[in-house]
1. Kindly indicate the residue of segment A:225-245 that is at pLDDT 95 or above and crowded, with 19+ Cβ neighbours inside 10 Å and also nearest to the other protein chains (Cβ to nearest Cβ) among those meeting that condition.
2. Are there any pairs with C-beta distances below 6 angstrom linking a residue in segment B:296-325 that is assigned by TED's automatic domain parsing to the domain that holds B:Ala286 to a residue that is in a strand (DSSP E or B) and among the hydroxyl-bearing types (Ser, Thr, Tyr), with the two at least 6 apart or on different chains, and if so which?
3. Inspect all residues belonging to segment B:117-135 and state whether any of them is of a type in the set (A, V, I, L, M, F, W, C) and farther than 21 Å from A:Leu128 by Cβ.
4. Among the residues of segment B:53-82, how many are modelled with pLDDT of 95 or more and in a loop (DSSP other than H, G, I, E, B)?
5. With respect to the numbered conditions (1) away from chain A (no Cβ under 14 Å); (2) touching a helix residue (DSSP H, G or I) at 6+ places or on another chain (Cβ under 7 Å); (3) farther than 19 Å from B:Thr326 by Cα, which one is the sole condition not fulfilled by B:Arg259?
6. Looking only at residues that are touching a strand residue (DSSP E or B) at 6+ places or on another chain (Cβ under 7 Å) and in a strand (DSSP E or B) in segment B:262-306, which one is nearest to A:Pro96 (Cα to Cα)?
7. Just checking, does segment B:114-125 include any residue being in contact with a strand residue (DSSP E or B) (Cβ under 6 Å, 6 or more places away or on another chain), within 14 Å of another protein chain (Cβ to nearest Cβ), buried (at least 20 other Cβ atoms within 10 Å of the Cβ) and acidic (Asp, Glu)?
Protein chains: 2
Amino acid sequence: MPETSLIFPADEYRRRTEALQREMARGGLDALMLTTPADVFYTTGFLTRFWESPARPWFVVVPVAGDPVAVIPAIGAELMRRCWISDIRTWNAPDPIDDGVSLLADTLAGLVPRAGRIGIPMGLESHLRMPVADFLRLQDLIAPRRIVDGTDAVYRVREIKSEAEIEKIRATCAVADAAFVRVPEFARAGVPLSQVFRDFQVALLQEGADWVSYVAGGAGPGGYGDVISPADERPLQNGDVLMLDTGAVREGYFCDFDRNFAIGRAADDVRRAHGSLYAATDAALAELHPGMLARDLHRILAEALEREGAVVGGGRLGHGLGLALTEWPSVTPLDTTELREGMVLTLEPGVEIAPGRILVHEEDVVLRADGPELLSRRAPAEMPEIM
Amino acid sequence: MPETSLIFPADEYRRRTEALQREMARGGLDALMLTTPADVFYTTGFLTRFWESPARPWFVVVPVAGDPVAVIPAIGAELMRRCWISDIRTWNAPDPIDDGVSLLADTLAGLVPRAGRIGIPMGLESHLRMPVADFLRLQDLIAPRRIVDGTDAVYRVREIKSEAEIEKIRATCAVADAAFVRVPEFARAGVPLSQVFRDFQVALLQEGADWVSYVAGGAGPGGYGDVISPADERPLQNGDVLMLDTGAVREGYFCDFDRNFAIGRAADDVRRAHGSLYAATDAALAELHPGMLARDLHRILAEALEREGAVVGGGRLGHGLGLALTEWPSVTPLDTTELREGMVLTLEPGVEIAPGRILVHEEDVVLRADGPELLSRRAPAEMPEIM
């Protein structure tokens with residue numbers, strides 16, 4: 001049994017299952033039905049890049065008592081058998097007539113009483129990874145059992161990371177730390193941004209990433225226009241600010257943070273903007289504590305930026321992190337999720353230097369009883385200049 | 001306007017829109033509502049790795065007449081404005097109260113008559129990338145308009161690739177061809193499979209991949225056990241067969257094919273198995289023609305393998321390819337999709353050498369009027385041996 005297919009000892013998964021079951025009991029749920037890569041990995045240890053193929057649905061049913069049951073395409077049986085659960089039911093997918101739906105319905109009917117309630121994550125930031133037509137058919141097949149909102153049961157458990165998970169995220173952050181140190185080796189005036197993106201991904205792999213699920217960034221004179229566009233062929237120029245952001249993956253856990261670099265000398269307004277982002281992150285590191293709400297963290301960051309005279313960027317200023325590049329909560333003025341000990345979060349202040357010209361900054365932290373502990377190595381207070 | 005954010009001239013997207021609209025008219029649909037990375041990229045040219053974040057839903061509405069309308073998070077507005085469509089409606093996501101649902105409902109209500117029907121892909125291999133709770137709320141908000149099955153309208157159009165798309169897929173295949181040539185530089189006895197996976201990803205990036213969405217493989221004495229497990233730390237040994245499979249991405253288009261390598265001398269049963277896979281692919285290259293069904297291709301491959309005395313592997317023996325690692329149809333005995341000129345397919349025969357020991361082989365082709373044209377460079381008839 002290769003160690004890598006389980007990632008954690010079975011006890012880790014048992015504790016997760018029990019935690020989900022406590023939330024299910026509290027919420028009056030008889031089972032959870034899970035379909036996404038993160039939820040399936042969280043409950044079983046089943047880790048594969050095969051999710052990249054949209055062809056097949058995968059299901060894990062967590063009953064309110066007892067071990068989870070996997071209802072999966074036969075192609076995954078070999079790998080799932082190396083995980084901790086023993087009840088694995090398979091079908092030959094894709095099947096245009098019945099792509100696992102009757103097997104899933106039978107499984108649910110065997111685990112859930114007729115008057116029972118089956119929760120699925122259906123709230124903010126969720127989706128159901130199965131065809132809608134099959135979901136409608138499933139509801140008919142399992143009636144009078146009902147599918148209801150199980151978002152809270154999943155989110156309240158997954159959002160608190162165990163020490164074992166925190167160590168995995170810390171290790172992935174260290175991979176990105178090491179890759180960011182090497183940026184001046186390949187990013188300089190004259191090199192197209194598309195080449196910088198490639199070389200940065202190479203550096204992440206060479207420093208120990210299993211794969212690189214996300215690289216983004218931007219480059220432009222005195223700031224960048226947006227942070228989600230693919231790289232273009234424009235060569236970097238003196239006066240540009242280059243930002244690289246990554247969600248690399250190691251043993252199934254993500255990092256998510258970015259770094260800025262000045263190509264040549266950083267202009268005064270860029271240095272001021274970077275200083276305000278740094279100060280805002282400092283404020284969050286000093287003031288954040290368990291019991292605050294996500295919107296309180298937004299307020300801390302936004303007020304610190306305003307004290308520095310900066311124009312606060314739109315959008316959220318941070319989010320959860322772990323088995324996915326981004327998890328709830330969202331650091332916005334509207335999110336009332338309680339921030340609790342063991343949550344892993346990104347602090348992601350952003351400012352507008354001028355219309356169409358922004359600067360962002362991101363660190364990864366775990367929230368401890370006495371405040372945030374950095375998982376990424378703190379960015380330098382002064383933006384590095386690549387001469 | 002950077003060339004890279006559009007990928008194709010606007011006319012390409014106009015032709016796609018018109019093709020979708022012809023299918024919609026045929027199916028009695030007043031609009032299509034699209035939510036996935038592939039469908040959004042297909043209709044707008046909006047290409048970003050930001051989909052890796054599950055936090056935000058994205059919508060494109062294609063009315064039965066007129067240009068598509070984007071209903072997207074504000075963070076994507078800058079990039080979408082560089083695409084060909086002009087009607088872009090945004091909200092500040094994520095919003096825990098109303099995450100774009102009322103804006104989407106207003107958009108649909110403005111484009112679709114009250115008795116109208118809105119199609120979504122809801123069949124095999126599809127999913128809806130938005131929260132289920134929001135989908136239920138949307139249905140209430142737009143009533144009496146109804147959401148119905150629009151799978152065929154999308155699949156029948158997307159599955160036929162334009163010459164411009166075929167050239168993109170060919171270019172991505174060339175990246176993988178070049179990376180496979182370099183495998184003997186980093187894979188040899190004593191190197192752990194995990195390191196081989198990393199080095200292969202590095203080679204793909206260095207040969208021109210924009211990113212590497214998928215790498216899988218396997219290694220074991222005389223064959224491998226499965227093809228979806230993550231790499232383990234076991235060093236390669238003489239007598240192993242190493243298989244590497246990749247879905248690299250360049251300009252938004254995937255390749256998907258694999259190659260086998262013997263570490264040291266290939267055993268006789270391995271050579272025989274590889275020969276049977278090669279012969280089966282030859283049979284498909286010779287016999288496949290437009291008008292056949294997906295299940296006919298399965299029969300061609302399976303019968304050729306049986307003629308060679310091989311045990312046909314379970315699962316599908318090929319599939320569609322393009323904007324996603326795998327697209328419909330599936331090469332199974334059950335899939336009755338008609339294979340038409342312009343479809344890009346993988347030919348993926350697999351055999352069982354012994355219980356728990358398999359060998360697979362994959363090529364990418366485009367189906368022309370007179371038969372398949374290879375997009376990947378044909379694998380060598382004899383399995384390469386790495387001494």
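The values are calculated or read from the model by the stated rules, or taken from the named source; none is laboratory data. Predicted model only: the values in this text are computed from it and were never measured. A quick note on method: Cβ atoms are made from the backbone with ideal geometry, for glycine too, and the neighbour counts reach across all protein chains shown.
1. So, considering only residues that are at pLDDT 95 or above and crowded, with 19+ Cβ neighbours inside 10 Å, the one nearest to the other protein chains (Cβ to nearest Cβ) is A:Asp245.
2. Going by the 6 Å Cβ cut-off, the qualifying pairs are B:Arg316/B:Ser330; B:Gly318/B:Thr346; B:His319/B:Ser330; B:His319/B:Thr346; B:Leu321/B:Thr346; B:Leu325/B:Tyr214.
3. Step one: list which residues in segment B:117-135 are of a type in the set (A, V, I, L, M, F, W, C), which gives B:118, B:120, B:122, B:124, B:128, B:130, B:132-133, B:135.
Okay, now just the ones that are also farther than 21 Å from A:Leu128 by Cβ, so none.
No.
4. Matching residues across segment B:53-82 total 11.
5. (3)
6. Among those that are touching a strand residue (DSSP E or B) at 6+ places or on another chain (Cβ under 7 Å) and in a strand (DSSP E or B), it is B:Leu293.
7. Checked segment B:114-125: at least one residue is in contact with a strand residue (DSSP E or B) (Cβ under 6 Å, 6 or more places away or on another chain), within 14 Å of another protein chain (Cβ to nearest Cβ), buried (at least 20 other Cβ atoms within 10 Å of the Cβ) and acidic (Asp, Glu).
A quick yes/no check of all residues on (1) closer than 21 Å to B:Ala216 by Cβ; (2) of a type in the set (Asp, Glu):
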| site | (1), (2) |
| --- | --- |
| A:Phe46 | yes, no |
| A:Pro57 | yes, no |
| A:Ala74 | yes, no |
| A:Asp87 | no, yes |
| A:Asp95 | no, yes |
| A:Val101 | no, no |
| A:Asp140 | no, yes |
| A:Gly150 | no, no |
